[in-house]
Amino acid sequence: MTYAIGVNDQKGLQTIYWGQRLEGPSTLVSAKAYPEAASFDPSVSATPLEYAGWGGGLPTQPALKISFPDGNRSLLLDYLDSKQTDGPNGDQLEITLRDRLAEVYVHLFYKVYATGILARWSQIENRTKGVITVEQAASATLNLPPSTSYELSSLTGRWGAEWQLHTVPLVPGHSVLESRRGSTSHQSNPWLAIGRTGETTETSGPVWFGELGWSGSWQIDVEQTYSHRVKITGGYNTFDFSYPLAPGQLLKTPIFYVGYTNKGHGEASRILHRFQQKQILPGAPTPKPRPIIYNSWEATEFNVNEAGQLALAEKAASLGVERMVIDDGWFGQRVTDHAGLGDWYVNQTKFPHGLKPVIDRVHQLGMDFGIWVEPEMINPDSDLYRKHPEWAMSFPGRPRTEARNQLVLNLARDDVKQYLLTFLDKLVSENDIAFLKWDYNRNWSEPGWDAVPLPEQKEIYVRYINNLYEVLAELRKRHPKLEIESCSGGGGRVDLGILRYTDEVWPSDNTDALDRLSIQDGFSQAYTPGVMVAWVTDVPNFLDRRNIPLEFRFTVAMTGALGIGSDVTKWTPDESALATRLVAFYKTVRSTVQQGALYRLIAPEASEQSAVEYVAEDRHQAVLFGFLHSQHYGEPFQTIRLQGLEPAALYRVKPLDPSKAPGLPQQITGSELMGPGISLHLIGDYDSTAIVFEKVDHK
Ligand code: DGJ
């Protein structure tokens with residue numbers, strides 16, 4: 001893409017162009033402030049500023065609003081200077097703006113990645129002699145070319161139903177995507193994509209897209225002015241925000257990652273997936289493929305114990321599972337969700353010999369070992385709470401709202417941060433733990449912090465998250481082999497902030513394979529399938545009571561990072577044999593699924609049929625998954641045309657089940673797969689299959 005900015009005649013930093021990459025000599029006009037449209041529409045409201053302070057009559061969304069000690073709240077940001085640094089991971093530009101009258105500086109950062117992503121963030125610096133208060137701070141404002149036909153895609157949901165994709169026309173006014181909940185949230189994910197109605201599809205047309213790297217309260221405001229200018233302002237949520245800056249202090253905003261393509265929503269997702277794999281994930285640019293996990297949560301819930309976990313581990317290993325994870329219930333007095341959070345010692349009744357015998361056996365079985373924690377939470381019924389009631393977030397003297405019988409620890413406090421680090425470090429040092437499933441099962445309710453002076457109390461929104469990142473970073477530093485999953489009662493904490501410290505995420509507690517088709521489709525709009533953990537669980541499903549056959553449950557889970565959460569000790573020999581075969585199959589396509597390019601061929605929302613395809617980075621392998629959840633009128637499955645292959649290359653065809661891919665030759669060219677396409681023989685309810693295509697001359 002090309003992103004062009006300039007300094008206008010009023011010293012304002014202004015967007016000139018954001019869109020399709022321009023080649024050759026540029027004829028772009030230089031930046032120029034727009035004239036006042038009417039006495040009601042001053043120049044600042046029409047001019048597409050890169051980062052507008054609230055002042056000068058700005059009636060639209062500001063990027064920054066501050067108040068001075070005397071109550072003055074006018075801020076006029078003029079261009080001061082810029083410097084460019086080229087680094088191994090991209091080129092970075094720092095532009096400094098300064099208030100016309102006071103020593104308030106704003107440093108705007110622009111970092112360009114080879115994967116096609118522009119990262120933008122800001123730093124607000126107080127060089128005045130008094131304390132200023134930041135009342136609103138965005139990472140960036142992005143201005144779109146004028147148009148009256150934009151449509152906004154976003155991902156919304158709730159517990160058990162995350163990642164619902166919505167696309168609506170933009171109309172004059174504000175469309176606000178946000179979380180006020182202290183964390184990323186199930187309700188809205190900090191991702192957006194803007195296309196043009198009638199022009200943008202999955203495979204073609206312009207898409208401007210972005211996502212925020214922040215795991216706390218966030219906001220993306222999409223504003224269409226009444227003269228059809230569209231600007232996107234994203235960063236800290238403005239609700240309840242207040243951050244004092246003493247002389248010399250800085251406030252850094254989260255990073256807003258943005259991109260553009262003219263190849264539709266599919267390509268926008270692929271750019272993001274590649275960027276996450278190459279630049280964001282802890283293992284970037286070569287993150288390790290996700291191991292196949294067994295997790296007993298749905299099978300046992302809190303009823304974990306040595307004998308039960310060992311029986312599950314033995315069986316899981318025989319199926320080809322690579323990692324055994326003990327979920328909630330192993331610690332403190334944790335029998336239900338009423339007690340125990342905060343007491344991170346092994347429950348002696350459930351594990352009388354500690355964790356060692358289980359871990360040793362898991363290793364003997366050829367798997368590594370992981371364990372569940374929920375470090376930021378506390379049950380009032382816990383030793384930790386009895387010792388440190390003041391660590392729980394609350395407004396003193398006001399009722400505290402419990403959720404799942406638990407309270408949130410105030411991780412903005414340094415003593416709480418130290419406690420987290422100490423117990424996690426001890427747990428991982430004393431036990432051979434390869435993996436932590438890091439859960440977070442409620443939102444904030446009373447974000448009070450009375451231990452600091454009044455003006456600083458709202459810093460909790462920023463300090464909590466920065467401390468969370470620091471704990472994760474330090475833990476990984478001390479234990480370089482440790483892997484971590486971000487889970488928040490399902491997909492409540494998935495964003496590019498947490499993904500810098502976590503290797504995978506749990507997209508939803510909803511494991512019903514039919515619901516999962518659309519949940520995973522929505523997830524894939526914004527995040528790589530390489531972090532999308534998907535378990536095969538028992539039927540009838542705990543949420544929808546649906547009875548979906550095992551093979552369908554497996555193929556759905558195989559389109560992400562496959563895991564198993566069934567009570568495998570109860571599987572029949574036939575079920576076990578099928579599972580063993582499918583696990584072995586998955587291992588042959590795992591790196592293509594997790595790290596390749598995803599093509600959403602048939603979206604699950606549109607009909608009872610759906611299909612996804614993954615192509616390895618070097619295009620030596622592709623894998624196609626097809627799903628039919630309920631046949632109507634005996635309709636045959638529609639022709640599938642693959643994408644992203646080498647047209648002239650010859651591919652060897654390896655169907656998971658040849659009877660479901662009738663008439664397919666043993667070898668076929670990429671152009672035939674992409675042109676005439678192929679047929680799948682899927683019939684009845686919950687039928688599915690997979691086909692692998694491997695380049696014949698691949699060395
Ligand atoms: C919510 C998670 O999403 C589940 O997978 C499970 O770990 C439970 N918490 C345990 O309390």
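Each reported figure results from applying straightforward, stated rules to the coordinates on display, with no laboratory input. None of these values were measured; they are calculated from a predicted model. As a convention, Cβ positions derive from the backbone with ideal geometry for all residues, glycine included, and neighbour counts pool all protein chains shown.
Tabulated values for the structure
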{"quantity": "Environment charge of TRP121, counting only residues whose C-beta is closer than 11 Å and scoring Lys/Arg +1, Asp/Glu -1", "calculated": "+2"}
{"quantity": "Calculated on alpha-carbon atoms, Rg and Dmax of the range 1-146 in Å", "calculated": "15.9, 52"}
{"quantity": "DSSP beta bridges in the chain [antiparallel fraction, %, rounded to 5]", "calculated": "80 percent"}
{"quantity": "PHE395-ALA284 pseudo-label distance in nm [points 7 Å out on the Cα-to-Cβ vector]", "calculated": "3.9 nm"}
{"quantity": "Peptides 316-329, 580-593, 342-355 ordered by average Cβ neighbours within 10 Å, highest first", "calculated": "316-329, 580-593, 342-355"}
{"quantity": "Rg/Rg_globular for the range 67-140, with Rg_globular taken as 2.2 N^0.38 Å and Rg from C-alpha atoms", "calculated": "1.28"}
{"quantity": "Sum of -39500 (n - 2.57) over DSSP H runs of 4+, divided by residues of the chain (222 nm, nearest 500)", "calculated": "-6000 deg cm²/dmol"}
{"quantity": "Approximate spin-label separation GLN457-ARG652, in nm, with each point projected 7 Å along Cα-to-Cβ", "calculated": "6.9 nm"}
{"quantity": "Tail fraction, Cα-Cα pairs, the range 163-246, threshold 23 Å, whole percent", "calculated": "29 percent"}
{"quantity": "Stokes-Einstein D for the range 196-288, Kirkwood Rh over Cα pairs, 37 °C, 0.692 mPa s (µm²/s)", "calculated": "206 µm²/s"}
{"quantity": "Inter-part distance where the range 69-108 and the range 205-250 are each reduced to a Cα centre, Å", "calculated": "17 Å"}
{"quantity": "Alpha carbon centroid spacing (whole Å) that separates the range 292-345 from the range 494-559", "calculated": "20 Å"}
{"quantity": "For the range 97-242, the spread of Cα positions along each principal axis, largest first, Å", "calculated": "53, 37, 36"}
{"quantity": "Simple spin-label estimate for ILE683 and GLN667 in nanometres, 7 Å along Cα-Cβ", "calculated": "3.2 nm"}
{"quantity": "D_trans [Stokes-Einstein, Kirkwood Rh over alpha-carbon pairs] for the range 409-550, 20 °C, 1.002 mPa s, µm² s⁻¹", "calculated": "125 µm²/s"}
{"quantity": "The range 214-326 - share of DSSP beta bridges that are antiparallel (%, nearest 5)", "calculated": "70 percent"}
{"quantity": "Per-peptide average of other Cβ atoms within 10 Å, ordering 471-482, 614-625 highest first", "calculated": "614-625, 471-482"}
{"quantity": "The chain - charge dipole about Cα centre, Lys and Arg +1 at Cβ, Asp and Glu -1, debye rounded to 20", "calculated": "980 debye"}
{"quantity": "Theoretical FRET efficiency, 1/(1+(r/R0)^6), r = Cβ-Cβ of SER576 and GLU470, R0 41 Å, to 0.05", "calculated": "0.40"}
{"quantity": "Share of alpha-carbon pairs per 10 Å distance bin for the range 510-551, given as whole %", "calculated": "29, 50, 20"}
{"quantity": "Most positive-pole-ward Cα, HIS388, SER318, LEU341, against dipole of the range 299-394 from beta carbon charges", "calculated": "SER318"}
{"quantity": "Formal net charge of residues neighbouring GLN84 (Cβ-Cβ distance under 14 Å; K, R +1; D, E -1)", "calculated": "-2"}
{"quantity": "Violating pairs (Cα-Cα greater than 26 angstrom) within the set LYS65/LYS477; LYS278/LYS481; LYS252/LYS458; LYS417/LYS481; LYS288/LYS570; LYS350/LYS477", "calculated": "LYS65/LYS477; LYS288/LYS570; LYS350/LYS477"}
{"quantity": "Computed over the chain, the ratio Rg/Rh where both radii use C-alpha atoms and Rh is Kirkwood", "calculated": "0.98"}
{"quantity": "Mean-position separation - Cα centroids, the range 416-493 and the range 121-148, in angstrom", "calculated": "27 Å"}
{"quantity": "DSSP bridge orientation in the range 268-380 - percent antiparallel, rounded to nearest 5", "calculated": "10 percent"}
{"quantity": "Net length gained if the chain between HIS228 and THR27 were fully extended (0.36 nm per residue, minus Cα distance)", "calculated": "70.0 nm"}
{"quantity": "Net +/- balance of residues flanking ASP425 in space, Cβ distance below 9 Å, scoring K and R +1, D and E -1", "calculated": "+1"}
{"quantity": "Residue-span extension gain [GLU36 to LEU80] - 0.36 nm each, minus C-alpha spacing", "calculated": "13.4 nm"}
{"quantity": "Mean Cβ count within 10 Å, highest first, over the residues of peptides 363-373, 196-206", "calculated": "363-373, 196-206"}
{"quantity": "Estimated FRET transfer efficiency (ASP544, GLN418; beta-carbon r; R0 30 Å; 0.05)", "calculated": "0.10"}
{"quantity": "Ratio Rg/Rh [Cα only; Rh per Kirkwood] for the range 643-699", "calculated": "1.00"}
{"quantity": "Cα-derived Rg over Rh, computed across the range 351-399 with Rh taken as Kirkwood radius", "calculated": "1.25"}
{"quantity": "Residue-span extension gain [LYS252 to THR201] - 0.36 nm each, minus C-alpha spacing", "calculated": "14.7 nm"}
{"quantity": "Cα-based equivalent ellipsoid, the range 192-232: semi-axes from gyration tensor eigenvalues, Å", "calculated": "22, 17, 6"}
{"quantity": "Computed over the range 86-179: relative contact order in percent, which uses C-alpha pairs under 8 Å that are six or more apart", "calculated": "16 percent"}
